[in-house]
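The structure's right below; bear with me while I get my questions together.
Nothing in this text is a laboratory measurement; each read-out follows from the coordinates by a stated rule. In this text the structure is predicted, and so the values were computed from the model without any measurement. Using ideal geometry, Cβ is built from the backbone for each residue, glycine included, and neighbour counts are taken over all protein chains shown.
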């Protein structure tokens, strides 16, 4: 069970499509609190049948190493369970801080929503092809 000592619920904009769910946090830094909130919300959505995640970080003001580590953990959780995870709309200071982090190389970061959807659709096809073999 995750620790909730610094956890407080955030309000997210959530848009569910047939192959993915888009989560958009409010304006906030990418830190341990934000990523724990995203993880909690994602696990609730997975329980409701969601398969793939697009995380829209347009409103993110900055990023720290704990937040980036949290994104990486969410990325690993998704992929180890046969799901896709793509970050989109990362800009400004937050984008620079994430891209400068050594951990960021493993993350899927797309500049636009359309490209994020393309990545997810391609990964769905790849998983289907590998399952047939």
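Restricting to the chain, compute how many DSSP beta bridges are antiparallel as a %, nearest 5. Could the numbers behind the result be given before it?
Working: 4 of 15 bridges.
About 25 percent, rounded to the nearest 5.
Then there's this: Which whole-angstrom value gives the distance between the alpha carbon centres of segment 93-133 and segment 15-53?
Using only Cα atoms, the two centres lie 15 Å from each other.
Next up: As a footprinting exposure proxy, order 60, 18, 101 by other Cβ within 10 Å, with the fewest listed first. Don't jump to the answer; show the numbers that get you there.
Values: 60 28, 18 5, 101 18.
Result, fewest neighbours first: 18, 101, 60.
Could you work out the Rg to Rh ratio of the chain, with Rh taken as the Kirkwood radius (inverse of the mean 1/r over all Cα pairs)? Mind dumping the intermediate values first?
On the way: Rg = 14.2 Å, Rh = 14.9 Å.
Taking Rg over the Kirkwood Rh, I get 0.95.
Sum -39500 (n - 2.57) across every DSSP H segment of at least 4 residues in the chain, then divide by the residue count to get the 222 nm mean residue ellipticity, nearest 500. Don't jump to the answer; show the numbers that get you there.
Details: 4 runs with 61 residues, N = 133.
Computed mean residue ellipticity for the chain: -15000 deg cm²/dmol.
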